[in-house]
Amino acid sequence: PPPIAIASLAQAGCLSFELSTGARSLFVNGGAPGPADPDWRAASRATASHSTLCLANRSSARLVRSRMLEELIGAAPIRFPQRVTVKHGRESDGRVWITAGHDGYLAETGLIHTRTLTLSADGRRLDGRDRLEPPHGVLRLKRDEPFAVHFHLSPQAGCRRVGRGGPVLIELAGATWAFAAEGAAVEIEESAFYADFSGPRRTLQIVLRGATFGSSDITWSLAAVEARATGIASTGSADAGEPTTVAAEAAEA
């Protein structure tokens with residue numbers, strides 16, 4: 001979190017990311033609402049409004065409730081995470097990667113969230129890994145804690161499942177992307193984009209849901225579907241066999 005003096009608008013989005021293709025946004029965060037929509041400010045600051053993992057239905061940062069502070073800087077500042085680590089590099093084949101972790105959930109659950117993102121040299125495939133684990137050794141929680149990995153879509157993007165258990169197809173400006181995951185259930189849910197100039201807008205999000213007993217490993221990928229498959233995918237029915245095959249091959253490429 002930033003210093004108190006500028007923390008009134010800070011958001012609990014640690015390890016969140018945004019992704020664009022060309023000049024268009026594909027994955028986004030909720031963003032900050034404008035001055036005309038102050039009622040949405042608290043929701044927009046929550047971890048669940050960002051493209052990152054949310055553990056135990058809590059945000060990775062906490063609002064500091066202090067009347068004096070809120071009057072001084074205009075809104076409640078945030079605390080936590082206290083420690084954020086980051087490494088990044090480039091492989092010989094041109095792939096670039098970043099691995100980061102934070103302790104925003106450590107005090108309440110004993111777990112660290114670590115995320116690795118790897119982007120192919122041509123920008124047509126993104127691989128991700130989200131891990132929950134204790135900082136040292138092995139931990140068995142007293143009860144399983146729910147987690148949700150959010151991927152908020154731009155209001156200009158659409159998505160749908162192809163076949164039972166198949167990947168999610170994301171369509172944006174005539175291009176199609178296949179999203180697949182392991183280690184959690186894949187859902188398509190409603191979302192909101194708060195930063196639009198016209199006010200909050202409805203959109204969609206892909207959510208990976210599961211529960212952790214003390215250690216979880218969720219892997220996911222986003223891959224561009226070849227142009228020859230785009231027409232098939234956009235015109236096939238939801239349970240058609242061919243689009244599922246094409247999208248699955250793209251996700252595994």
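Every number here is computed from the coordinates shown, using simple stated rules; none is lab data. On a predicted model such as this, the values are computed, not experimentally measured, just so you know.
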- Message: Quick query: amide H of A211 versus all other amide H atoms, modeled in the peptide plane; which residues come in under 5 Å with a sequence gap of 5 or more or a different chain?
- Response: F147
- Item | Cα-based equivalent ellipsoid, segment 132-206: semi-axes from gyration tensor eigenvalues, Å | 30, 18, 10
- Whole-Hz Karplus ³J(HN,Hα) for segment 31-37, in order, using 6.51 cos²θ - 1.76 cosθ + 1.60 and θ = phi - 60°, x for Gly and Pro? x, 9, x, x, x, 7, 10
- In Å, what Rg and Dmax follow from the Cα atoms of segment 108-159? 15.7, 45
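Whole number please: convex hull volume per residue, Cα atoms of segment 74-181, in Å³.
Output value, Cα hull per residue: 201 Å³.
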- In whole Hz, what ³J(HN,Hα) sequence does segment 183-188 give by Karplus (6.51, -1.76, 1.60; θ = phi - 60°), x for Gly and Pro? x, 6, 7, 9, 10, 10
